[in-house]
Amino acid sequence: MRQPASPGQRSSVSSKLLIATGTTLALIFVAVFLVTLWIVRNSVYHSVDTEANGNAQSIASQLGTNFTEQMSVAQTMGRSIEASLQTDPGNLQAVMEIMHRALLSFPDVYATWMQAKPGGIDGQTSAPTAGINKQGNFGPYWTRTSIGDAPTMTTFDTDYQASWYAPSAQSGKVTITDPYLYDTGYIIASFCIPITVNGTFQGVAGIDMRMDWLTAMLAQMHPFGTGEVRLLSQNGNWITNSDSAKLAKPYDGPGADLLKTALATGQMQVLPHPSADTAELIFYPFALPQNITNWVLVLRVPQSAISGPVWSAFWMLLAGSLGAFLLLLGTLGVTAQQLIRRPLVTLLADVLRMRDGDYETSPSGRNRSDETGILAGALEDFRVALAQGRENERNATAARERTEALEQETRKTREAAAAALQEVITAVGGGLQHVARGDLRTRLNIGFTAEYEPLRHDFNAAMERLEQLLVGVGANAEAVRSGVSEIAQAADDLSRRTEQQAANLEETVAAIGQLAQIAKDTTSRTVQARDVAGEVKRCADDSCAVVTKTIGAMDRINNSAKQISQIIGVIDEIAFQTNLLALNAGVEAARAGDAGRGFAVVATEVRALAQRSADAAKEIKTLIVASNQEVTSGVDLVNETGQALGRILGQIEQLDALVRTIASATSEQASTLGEVNGAVGQMDQVTQQNAAMVEQASAACQALEGEAQTLNAALKQFQTGPAVPATPHHAPVRQYELAAE
């Protein structure tokens with residue numbers, strides 16, 4: 001038996017519960033502490049971002065105000081130049097004077113300038129004495145070294161692709177250049193104003209502003225105590241920086257990709273922990289007045305702005321968590337001692353007493369309403385069950401003795417039943433051996449005991465029924481064999497007749513096939529004859545058309561000949577009149593004497609020519625009349641030819657109709673013969689299939705006859721007739737013994 005541990009070795013349940021609860025509380029406090037610290041840290045970051053955003057907005061607003069003032073200076077100068085050019089386009093000296101006054105009026109302006117468009121300003125009558133650069137273009141440049149110095153005017157080289165000219169010239173809007181480092185060491189930004197007079201672009205004017213005031217203003221700003229503010233241009237170049245070597249150079253610090261995103265989207269971007277002493281680097285883009293471009297403020301948030309509030313919250317949370325943990329742990333210790341340890345010690349004493357065999361004393365604490373009361377009640381039930389078990393053990397011993405006596409009586413009864421069963425098995429086994437040898441006359445005539453007597457009657461009835469069944473099967477098998485023999489003979493006769501019919505149908509199919517082929521050939525030749533008749537008809541139609549056209553041509557020739565006859569008549573009349581006029585001219589020439597002699601010769605020649613024309617006209621008229629007669633004769637002949645062709649065409653149409661009728665009838669005959677040939681072919685196939693089926697049926701009948709003979713031979717192995725008693729078979733019989741229940 002396992003011995004209980006000594007008090008020095010035992011670890012109480014209350015101690016374990018206190019340790020487990022303390023560990024759980026410690027883990028909970030640590031988790032709550034870490035989550036709270038994380039929330040405080042995020043809250044500090046959010047507060048810092050909000051404050052940084054407010055600082056950036058304030059600085060951007062202040063810069064926007066200053067740039068608005070500077071842009072108004074540039075726009076005022078530009079409007080003044082446009083008004084001067086509109087009033088007096090050729091007075092460029094007035095333009096330079098406006099630029100000079102603007103430089104004197106605004107101390108923050110470093111320089112004023114203008115670049116005329118290619119070809120000069122419209123309306124310019126003569127080149128000015130000043131303001132012309134070495135390329136011959138108008139490009140005055142007023143500048144001063146410092147505030148209070150007298151301005152000086154120079155010129156600058158023409159560059160129409162420069163950033164101070166091309167953007168304003170192309171867009172027609174105010175632009176600002178990317179701040180650049182001037183020769184004097186200043187950071188300069190140029191405000192560029194397009195000059196337009198009466199809707200026509202004339203050039204670009206502008207002012208140059210020094211950006212060192214930005215450096216001074218931003219250097220005084222220290223957000224979050226030790227933070228810094230810097231400024232980048234629209235191209236990401238430094239405008240202000242404590243390191244003068246970086247001015248006007250691209251930003252190459254951490255978060256360069258975030259800078260590009262801020263410029264592209266116009267949204268603030270935050271880079272956390274860029275370095276050990278920096279908590280965040282904020283890129284804040286803002287738009288200059290009139291949205292001419294975007295610049296970016298760079299705010300460096302020091303690590304102290306985050307770590308200070310976070311560490312303060314850390315120590316406060318740590319002190320509060322430790323105090324709460326120790327208070328809860330002490331409360332749990334006292335509670336575990338009073339509510340758990342004392343009741344368990346009492347229950348342990350009761351359990352040890354029951355272990356020693358004392359089932360008479362009830363455990364204490366059953367009236368408590370907590371779990372220890374439930375445990376005491378269960379222990380009481382266990383005590384009662386143990387006491388009852390001891391009583392049941394005594395009763396079981398007495399019952400076991402009575403059971404042994406009953407088993408002896410049962411064994412004797414089982415041996416007697418086994419002997420009777422052995423006799424039954426021996427008798428039934430002998431009968432089954434007779435049946436196995438084919439002797440169905442076997443019967444069990446010796447009686448069994450009362451419980452096995454139904455088995456003997458069932459065996460005898462089964463043998464009698466089996467004998468009757470086999471006798472009937474033998475008679476039926478003989479009848480089947482006889483019928484199958486007759487069916488096989490009839491199937492052989494049917495097979496021979498079917499084969500003969502199939503041969504006759506095959507010859508019929510061949511003959512009808514030849515007849516169908518002849519009909520197809522006849523149809524083909526009839527179709528050819530129909531096509532030839534159609535071709536002849538088309539030729540006759542064409543000949544009729546040609547004859548019709550010939551008649552028309554003859555008519556036109558006849559009409560033309562008549563018109564020629566009329567023309568010849570006119571020519572004859574003209575010749576007559578000409579002859580008459582020539583005669584009169586000769587008479588007048590003769591009256592004139594020697595002065596008209598030459599004219600008389602001409603008149604004589606004209607008369608001779610007129611006479612020849614008349615003679616020729618008569619001959620042509622004679623030929624035309626003869627030709628007219630021949631044409632008339634030809635027209636008559638052609639008309640007769642057309643009538644003959646018309647009669648031929650009618651006969652050809654009748655012949656074509658007859659040929660078409662013959663072709664249609666022949667085609668129908670060929671189609672009918674084809675259908676007959678197909679039907680006869682199908683009959684031939686069906687007849688051949690019938691012959692095959694008859695052969696199969698004949699073979700099946702022969703096989704069935706053989707099976708019937710085999711069945712009769714098998715039935716003859718059984719002996720039937722008057723019943724005979726079964727001879728006991730004394731083969732070893734398995735002894736069965738009933739198991740004791």
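The values are calculated or read from the model by the stated rules, or taken from the named source; none is laboratory data. Keep in mind the model is a prediction, meaning the values are calculated, not measured. Cβ atoms come from the backbone with ideal geometry, glycine included; neighbour counts cover every protein chain shown.
Some values worked out for this structure:
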| item | result |
| --- | --- |
| So D555, is it assigned to a helix (DSSP H, G or I), among the acidic types (D, E) and over 30 Å from V659 (Cα atoms) | yes |
| Residue list for segment 184-208, restricted to those being touching a residue at least 60 places away in the same chain (Cβ under 8 Å) and in a loop (DSSP other than H, G, I, E, B) | Y186, N198 |
| Within segment 373-383, considering residues that are farther than 11 Å from L347 by Cα and touching a residue at least 12 places away in the same chain (Cβ under 8 Å), the one farthest from the chain's Cα centre (by Cα) | R383 |
| Unique residue being of a type outside the set (A, V, I, L, M, F, W, C) and closer than 12 Å to Y110 by Cα when the list is T226, T177, T155, T143 | T143 |
| Residues satisfying the stated conditions in segment 444-462, i.e. closer than 15 Å to G429 by Cβ and either in contact (Cβ under 8 Å) with a residue 40 or more places away in the chain or β-branched (V, I, T) (or both) | L444, I446 |
| Filter result for A608 (farther than 30 Å from V536 by Cα and either of a type in the set (S, T, N, Q) or surrounded by fewer than 17 Cβ atoms within 10 Å (Cβ to Cβ) (or both)) | yes |
| Unique match (being in contact with a helix residue (DSSP H, G or I) (Cβ under 7 Å, 6 or more places away or on another chain) and surrounded by fewer than 19 Cβ atoms within 10 Å (Cβ to Cβ)) among Y160, Y182 | Y160 |
| Residue among V570, V547, V527 that is assigned by TED's automatic domain parsing to the domain that holds T661, over 60 Å from the mean Cα position of the chain (by Cα), loosely packed, with under 14 Cβ neighbours inside 10 Å and assigned to a helix (DSSP H, G or I) | V570 |
| Check on T413, in contact with a Lys or Arg (Cβ under 7 Å, 6 or more places away or on another chain) and hydroxyl-bearing (S, T, Y) | no |
| From the options A510, A477, residue that is in a helix (DSSP H, G or I), of a type in the set (G, A, S) and either within 30 Å of A670 (Cβ to Cβ) or modelled with pLDDT of 75 or more (or both) | A510 |
| Selection status of G357, outside any helix (DSSP H, G or I), modelled with pLDDT under 75 and of a type in the set (G, A, S) | yes |
| Residues that are surrounded by fewer than 16 Cβ atoms within 10 Å (Cβ to Cβ) and modelled with pLDDT under 85, drawn from segment 67-87 | T68, E69 |
| Scan of segment 49-87 for residues that are more than 18 Å from G199 (Cβ to Cβ), more than 60 Å from the chain's Cα centre (by Cα) and not β-branched (V, I, T), ordered by number | M77, S80 |
| Which listed residue, of L623, L580, is more than 30 Å from L637 (Cβ to Cβ), surrounded by fewer than 15 Cβ atoms within 10 Å (Cβ to Cβ) and in the same structural domain as T641 (by TED's automatic domain parsing) | L580 |
| Qualifying residues in segment 213-256 (those that are of a type in the set (G, A, S) and farther than 26 Å from N291 by Cα) - the one surrounded by the most Cβ atoms within 10 Å (Cβ to Cβ) | G227 |
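Residue-wise test of (1) of a type in the set (A, V, I, L, M, F, W, C); (2) outside any helix (DSSP H, G or I); (3) over 28 Å from V536 (Cβ atoms).
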site	(1), (2), (3)
R612	no, no, yes
T632	no, no, yes
E640	no, no, no
V659	yes, no, no
L673	yes, no, yes
